[in-house]
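The values are calculated or read from the model by the stated rules, or taken from the named source; none is laboratory data. Keep in mind that what you see is a predicted model, and the values were worked out from it rather than measured. With ideal geometry, Cβ positions are generated from the backbone for all residues, glycine too; neighbour counts draw on all protein chains shown.
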Amino acid sequence: MKYYAIIVGGGSGKRMQNAVAKQFLLLKNKPVLMHTLTAFYQSPFKPELIVVLPIDLHQYWEALCFKYDFTIPHQVIRGGDERFHSVRNGLMAIKGDGIVAVHDAVRPLASPQLIATAFEVAEEKGNAIACIRPSDSVRKIKGNESKIVDRDQLVMIQTPQTFEISQLRKAYQQPYHRKFTDDASVVEKTGIKINLIEGERHNFKITYPEDLELANLLCK
(Lines give C-alpha, C1' and ligand atoms only; values in the text may rest on other atoms or scores of the structure.)
Protein backbone atom coordinates (compact mmCIF):
# COMPACT_ATOMS: atom_id res chain seq x y z
CA MET A 1 0.00 0.00 0.00
CA LYS A 2 1.24 3.48 -0.86
CA TYR A 3 0.58 6.51 1.32
CA TYR A 4 0.42 10.18 0.42
CA ALA A 5 -0.28 13.50 2.10
CA ILE A 6 -1.58 16.58 0.31
CA ILE A 7 -0.71 19.67 2.34
CA VAL A 8 -2.91 22.57 1.25
CA GLY A 9 -1.48 26.05 1.76
CA GLY A 10 -3.64 28.65 0.10
CA GLY A 11 -4.23 31.08 2.97
CA SER A 12 -3.10 34.69 3.05
CA GLY A 13 -1.94 36.75 6.02
CA LYS A 14 -4.97 39.07 6.13
CA ARG A 15 -6.58 37.81 9.34
CA MET A 16 -3.13 37.55 10.89
CA GLN A 17 -2.70 41.28 10.10
CA ASN A 18 0.48 40.29 8.32
CA ALA A 19 1.72 40.66 4.74
CA VAL A 20 3.28 37.18 4.92
CA ALA A 21 1.06 34.18 4.12
CA LYS A 22 0.14 32.26 7.30
CA GLN A 23 1.97 29.08 6.30
CA PHE A 24 5.24 31.03 6.10
CA LEU A 25 5.06 32.79 9.47
CA LEU A 26 7.74 31.72 11.91
CA LEU A 27 6.91 29.16 14.56
CA LYS A 28 9.80 28.27 16.85
CA ASN A 29 12.22 29.96 14.43
CA LYS A 30 11.09 28.27 11.21
CA PRO A 31 8.05 28.57 8.90
CA VAL A 32 4.78 26.96 10.00
CA LEU A 33 4.61 24.82 6.85
CA MET A 34 7.93 23.16 7.70
CA HIS A 35 6.53 21.99 11.05
CA THR A 36 3.48 20.57 9.27
CA LEU A 37 5.57 18.63 6.76
CA THR A 38 7.85 17.37 9.54
CA ALA A 39 4.87 15.95 11.45
CA PHE A 40 3.86 13.81 8.47
CA TYR A 41 7.45 12.87 7.67
CA GLN A 42 7.92 11.62 11.23
CA SER A 43 4.73 9.58 11.28
CA PRO A 44 5.10 5.78 11.02
CA PHE A 45 3.58 5.72 7.52
CA LYS A 46 6.05 8.27 6.06
CA PRO A 47 3.72 9.32 3.22
CA GLU A 48 4.92 10.93 0.03
CA LEU A 49 4.40 14.67 0.55
CA ILE A 50 2.63 16.96 -1.91
CA VAL A 51 2.49 20.68 -1.09
CA VAL A 52 -0.12 22.77 -2.90
CA LEU A 53 0.66 26.50 -3.01
CA PRO A 54 -0.42 29.47 -5.15
CA ILE A 55 1.91 29.65 -8.13
CA ASP A 56 3.22 33.08 -7.13
CA LEU A 57 4.50 31.62 -3.83
CA HIS A 58 6.50 28.72 -5.28
CA GLN A 59 9.72 30.66 -5.68
CA TYR A 60 9.36 32.19 -2.22
CA TRP A 61 8.90 28.74 -0.69
CA GLU A 62 11.94 27.45 -2.54
CA ALA A 63 13.99 30.31 -1.09
CA LEU A 64 12.72 29.53 2.41
CA CYS A 65 13.73 25.88 2.06
CA PHE A 66 17.24 26.99 1.09
CA LYS A 67 17.42 29.55 3.91
CA TYR A 68 16.34 27.09 6.63
CA ASP A 69 18.15 24.10 5.12
CA PHE A 70 14.84 22.21 4.85
CA THR A 71 15.54 18.91 3.09
CA ILE A 72 12.43 16.78 3.71
CA PRO A 73 11.46 15.46 0.24
CA HIS A 74 8.23 16.91 -1.17
CA GLN A 75 6.60 17.89 -4.43
CA VAL A 76 5.17 21.39 -4.96
CA ILE A 77 1.95 21.70 -6.99
CA ARG A 78 0.11 24.75 -8.27
CA GLY A 79 -2.93 25.76 -6.21
CA GLY A 80 -6.37 26.61 -7.58
CA ASP A 81 -8.92 29.37 -7.12
CA GLU A 82 -10.62 27.58 -4.20
CA ARG A 83 -9.46 24.93 -1.76
CA PHE A 84 -11.52 22.43 -3.78
CA HIS A 85 -9.45 23.10 -6.88
CA SER A 86 -6.17 22.99 -4.94
CA VAL A 87 -6.94 19.53 -3.54
CA ARG A 88 -7.97 18.34 -6.98
CA ASN A 89 -4.66 19.58 -8.40
CA GLY A 90 -2.83 17.70 -5.66
CA LEU A 91 -4.77 14.52 -6.47
CA MET A 92 -3.81 14.80 -10.12
CA ALA A 93 -0.16 14.49 -9.10
CA ILE A 94 -0.83 11.02 -7.65
CA LYS A 95 -0.70 8.03 -9.97
CA GLY A 96 -2.33 4.77 -8.93
CA ASP A 97 -4.17 3.85 -5.73
CA GLY A 98 -3.36 3.98 -2.05
CA ILE A 99 -4.32 6.13 0.93
CA VAL A 100 -4.10 9.91 0.95
CA ALA A 101 -4.38 12.38 3.83
CA VAL A 102 -5.41 15.96 3.09
CA HIS A 103 -4.17 18.43 5.70
CA ASP A 104 -4.16 22.19 6.23
CA ALA A 105 -0.68 23.69 5.98
CA VAL A 106 -1.48 25.87 9.00
CA ARG A 107 -2.21 22.97 11.38
CA PRO A 108 1.43 22.35 12.36
CA LEU A 109 0.82 20.59 15.69
CA ALA A 110 -0.92 17.40 14.55
CA SER A 111 0.86 14.55 16.29
CA PRO A 112 2.43 11.62 14.42
CA GLN A 113 0.02 9.42 16.43
CA LEU A 114 -3.06 11.21 15.06
CA ILE A 115 -1.67 11.00 11.54
CA ALA A 116 -0.98 7.27 11.94
CA THR A 117 -4.49 6.63 13.28
CA ALA A 118 -5.99 8.50 10.32
CA PHE A 119 -4.10 6.29 7.84
CA GLU A 120 -4.97 3.10 9.74
CA VAL A 121 -8.71 3.82 9.94
CA ALA A 122 -8.90 5.03 6.33
CA GLU A 123 -7.20 1.84 5.16
CA GLU A 124 -9.73 -0.21 7.15
CA LYS A 125 -12.94 1.77 6.55
CA GLY A 126 -12.31 3.87 3.45
CA ASN A 127 -11.94 7.25 5.16
CA ALA A 128 -11.14 8.88 8.50
CA ILE A 129 -11.99 12.45 9.48
CA ALA A 130 -10.44 14.02 12.60
CA CYS A 131 -12.81 15.94 14.87
CA ILE A 132 -13.20 17.23 18.42
CA ARG A 133 -16.28 17.98 20.51
CA PRO A 134 -17.03 21.61 21.40
CA SER A 135 -16.35 22.49 25.01
CA ASP A 136 -18.37 25.72 24.96
CA SER A 137 -22.12 26.21 24.72
CA VAL A 138 -23.34 26.61 21.16
CA ARG A 139 -26.22 28.71 19.83
CA LYS A 140 -27.80 28.85 16.37
CA ILE A 141 -28.51 32.33 15.03
CA LYS A 142 -31.50 33.00 12.77
CA GLY A 143 -32.29 36.60 11.99
CA ASN A 144 -32.39 38.54 15.25
CA GLU A 145 -32.95 35.46 17.38
CA SER A 146 -30.75 32.67 18.68
CA LYS A 147 -31.48 29.22 20.09
CA ILE A 148 -29.35 26.89 22.17
CA VAL A 149 -28.03 23.80 20.36
CA ASP A 150 -27.19 20.53 22.09
CA ARG A 151 -23.40 20.49 21.84
CA ASP A 152 -23.35 16.72 22.41
CA GLN A 153 -24.75 16.39 18.90
CA LEU A 154 -22.00 18.51 17.35
CA VAL A 155 -18.35 18.06 16.46
CA MET A 156 -15.76 20.47 15.08
CA ILE A 157 -13.99 19.08 12.04
CA GLN A 158 -10.21 19.16 11.68
CA THR A 159 -7.67 17.76 9.29
CA PRO A 160 -6.12 15.35 8.46
CA GLN A 161 -9.00 14.00 6.42
CA THR A 162 -7.81 10.70 5.02
CA PHE A 163 -9.27 8.58 2.22
CA GLU A 164 -8.75 5.73 -0.17
CA ILE A 165 -7.44 7.57 -3.20
CA SER A 166 -10.05 6.06 -5.54
CA GLN A 167 -12.81 7.31 -3.23
CA LEU A 168 -11.46 10.86 -3.11
CA ARG A 169 -10.61 10.93 -6.81
CA LYS A 170 -14.19 9.99 -7.74
CA ALA A 171 -15.58 12.65 -5.42
CA TYR A 172 -13.43 15.37 -6.94
CA GLN A 173 -14.81 14.66 -10.39
CA GLN A 174 -17.90 16.58 -9.28
CA PRO A 175 -18.24 20.24 -10.23
CA TYR A 176 -17.32 22.73 -7.52
CA HIS A 177 -20.06 23.89 -5.14
CA ARG A 178 -19.73 26.57 -2.48
CA LYS A 179 -21.08 24.11 0.12
CA PHE A 180 -17.91 22.03 -0.29
CA THR A 181 -16.15 23.37 2.79
CA ASP A 182 -13.81 20.41 3.23
CA ASP A 183 -12.96 17.05 1.70
CA ALA A 184 -15.49 15.15 3.81
CA SER A 185 -18.32 17.28 2.38
CA VAL A 186 -17.13 16.53 -1.16
CA VAL A 187 -16.97 12.78 -0.53
CA GLU A 188 -20.27 12.70 1.39
CA LYS A 189 -22.04 14.21 -1.65
CA THR A 190 -21.29 10.99 -3.55
CA GLY A 191 -23.18 8.95 -0.93
CA ILE A 192 -20.13 7.64 0.93
CA LYS A 193 -20.38 7.29 4.72
CA ILE A 194 -17.97 9.51 6.67
CA ASN A 195 -16.03 7.92 9.54
CA LEU A 196 -15.02 10.23 12.39
CA ILE A 197 -11.94 9.75 14.55
CA GLU A 198 -10.92 11.68 17.65
CA GLY A 199 -8.74 14.67 16.84
CA GLU A 200 -6.55 16.72 19.16
CA ARG A 201 -7.17 20.02 20.95
CA HIS A 202 -3.73 21.30 20.02
CA ASN A 203 -4.31 20.46 16.33
CA PHE A 204 -5.83 23.89 15.76
CA LYS A 205 -5.66 26.02 12.65
CA ILE A 206 -3.41 29.08 12.88
CA THR A 207 -5.71 31.88 11.78
CA TYR A 208 -5.24 34.81 14.18
CA PRO A 209 -2.14 36.29 15.89
CA GLU A 210 -3.03 34.71 19.25
CA ASP A 211 -3.10 31.27 17.57
CA LEU A 212 0.55 31.67 16.61
CA GLU A 213 1.42 32.79 20.14
CA LEU A 214 -0.29 29.71 21.58
CA ALA A 215 1.45 27.42 19.08
CA ASN A 216 4.81 28.86 20.12
CA LEU A 217 4.00 28.18 23.78
CA LEU A 218 2.97 24.60 23.00
CA CYS A 219 6.17 24.02 21.02
CA LYS A 220 8.16 24.99 24.09
- Item | Meets criteria (among the β-branched types (Val, Ile, Thr), at pLDDT 95 or above and surrounded by fewer than 16 Cβ atoms within 10 Å (Cβ to Cβ)) for residue 117 | no
- Message: I want to confirm something. Restricting to region 50-97 and keeping residues that are surrounded by 13 or more Cβ atoms within 10 Å (Cβ to Cβ) and among the acidic types (Asp, Glu), which single residue is farthest from residue 2 (Cα to Cα)?
- Response: 82
- So, first residue under 30 Å from residue 105 (Cα atoms) and touching a residue at least 12 places away in the same chain (Cβ under 8 Å) in region 146-158, second residue among the acidic types (Asp, Glu) and surrounded by 13 or more Cβ atoms within 10 Å (Cβ to Cβ), Cβ within less than 9 Å, six or more apart or across chains; the pairs are 157/182; 158/104; 158/200
- Here the qualifying pairs (Cβ atoms under 9 Å; residues six or more apart or on different chains; first in region 184-210 and of a type in the set (Gly, Ala, Ser); second surrounded by 13 or more Cβ atoms within 10 Å (Cβ to Cβ) and part of a loop (DSSP other than H, G, I, E, B)) come out as 184/194; 185/194; 199/110; 199/155
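Looking at residue 142, is it among the basic types (Lys, Arg) and either touching a residue at least 60 places away in the same chain (Cβ under 8 Å) or within 16 Å of residue 87 (Cβ to Cβ) (or both)? Please lay out each step first, then the result.
Details: among the basic types (Lys, Arg): yes; either touching a residue at least 60 places away in the same chain (Cβ under 8 Å) or within 16 Å of residue 87 (Cβ to Cβ) (or both): no.
No: the conditions fail for residue 142.
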